[in-house]
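Read the structure below first, then the notes.
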Amino acid sequence: MLWKAARAQKLYLPRISVRLQSSSVPEFQELHPLLLKRAEKYAEELKTLEKWMAKGEGTFDVERQKKFSRLCAVVDSFHKYSREIELLKDLKEMIKDDPSLRDEAQQEIAEIRPQLEKTSSSLLGQLLPPHPFADRPCILEIRPGVGGIEAMIFAQDLLGMYVNYAHNKRWKYHIISQSANESGSGIVDAILSIDEPGSYDKLRFEAGVHRVQRIPATETKGRTHTSTAAVVVLPQMAEDNEKEAESYERTFKPDEIRIDVMRARGKGGQHVNTTDSAVRLTHYPSGIVINMQNERSQHKNKAKAFAILRARLAEIEQKEKEEKARAARKGQVSTTDRSDKVRTYNFPQNRITDHRCGFNLHDMEGIMAGERLDDVIDAMQVYDSDTRAKELLAEVQGTA
């Protein structure tokens with residue numbers, strides 16, 4: 001192997017079997033020098049923190065632990081990226097110095113390039129400022145849109161997809177509320193809590209309008225129908241327990257919140273319409289109204305309602321901050337608003353398309369089982385990293 005001869009003592013890379021289809025290899029897009037300077041700055045911060053730890057001064061609290069872990073991950077990726085880039089340059093030099101080695105060197109480049117692209121994407125994501133709620137668990141709200149009963153069925157399918165996804169990852173989750181359609185087909189709305197720290201950062205790109213194209217079971221002429229469902233992804237800001245709810249309630253002025261209690265409605269049963277257990281929470285400044293009746297206890301329903309209110313208000317506040325920051329940037333790169341259509345599930349073609357990043361996957365069964373959802377999420381994370389990197393570079397270059 002040519003690269004082993006050139007870099008035998010400096011780097012080991014796993015072999016990736018890739019065959020060249022032509023004699024030319026497209027250029028690899030290296031990270032911008034300004035981003036690499038950012039990585040070097042993180043490396044210096046890590047050295048400073050390690051020296052501070054070695055002296056045993058002060059308290060190594062949770063926040064410092066988080067910072068230390070993040071810096072270690074960034075610096076490890078930076079060093080790995082630097083080694084692989086150096087190897088790539090060595091192979092290119094071989095091609096220039098000895099044309100007889102051209103074909104073999106290009107083959108070596110093709111074999112190491114997938115790993116280099118993966119390392120580059122990983123480092124880019126780590127260099128960008130993390131989302132302020134990146135380490136939070138999340139709440140997903142799912143509601144049918146256009147399409148009647150078929151939209152309700154699709155909303156139920158999406159709920160099942162996210163439950164399967166959490167189950168496959170062995171994440172803790174629970175359904176906070178779920179209202180079934182009176183006909184028994186589909187759901188009117190559902191709220192799913194995924195209690196894994198960091199799940200918000202993983203699932204936040206699921207927010208938006210999801211579209212389905214398929215032939216309904218009731219369709220007699222074989223026509224494809226189009227329906228939609230809306231997904232809202234919120235960061236969990238507090239546990240949905242009574243103590244947290246009481247504490248959070250006290251942060252509001254008396255004229256900001258209205259709490260109504262009523263009897264739960266449903267298909268009947270021992271506990272329906274016997275006690276005032278259902279709660280409707282109205283937040284006047286934002287216009288948010290939350291109805292909660294799944295629990296038999298009024299206090300538990302109230303706690304869940306306040307947890308959702310807190311999550312929605314946090315999301316609104318963060319979105320306002322992002323909009324202000326984006327409007328202030330020069331050469332901004334537009335991003336997709338959550339009200340836009342984000343993804344299409346085309347059952348006849350067995351195709352899932354994410355319209356934001358242009359990613360296509362032909363495995364409907366794998367997606368709905370939650371097994372291939374990471375493929376789409378990973379593609380969106382790469383797209384988001386590229387978009388934010390362009391915004392960051394435009395901002396840095398504009399102030400230079």
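The values are calculated or read from the model by the stated rules, or taken from the named source; none is laboratory data. Quick caveat: nothing in here was measured; it's all calculated off a predicted structure. Cβ coordinates were reconstructed from backbone atoms using ideal geometry, including for glycine residues, and neighbour counts include every protein chain displayed.
For the reader, a short list of remarks on this structure follows.
- Residue match in region 168-176 (condition: of a type in the set (V, I, T), under 15 Å from I191 (Cβ atoms) and touching a Lys or Arg at 6+ places or on another chain (Cβ under 6 Å)): yes
- Residue selected from region 225-248 under the condition in a helix (DSSP H, G or I) and among the small types (G, A, S), by the criterion modelled with the lowest pLDDT: A245
- Between T275, T336, the distinction of being at pLDDT below 85, more than 19 Å from the chain's Cα centre (by Cα) and part of a loop (DSSP other than H, G, I, E, B) belongs to T275 only.
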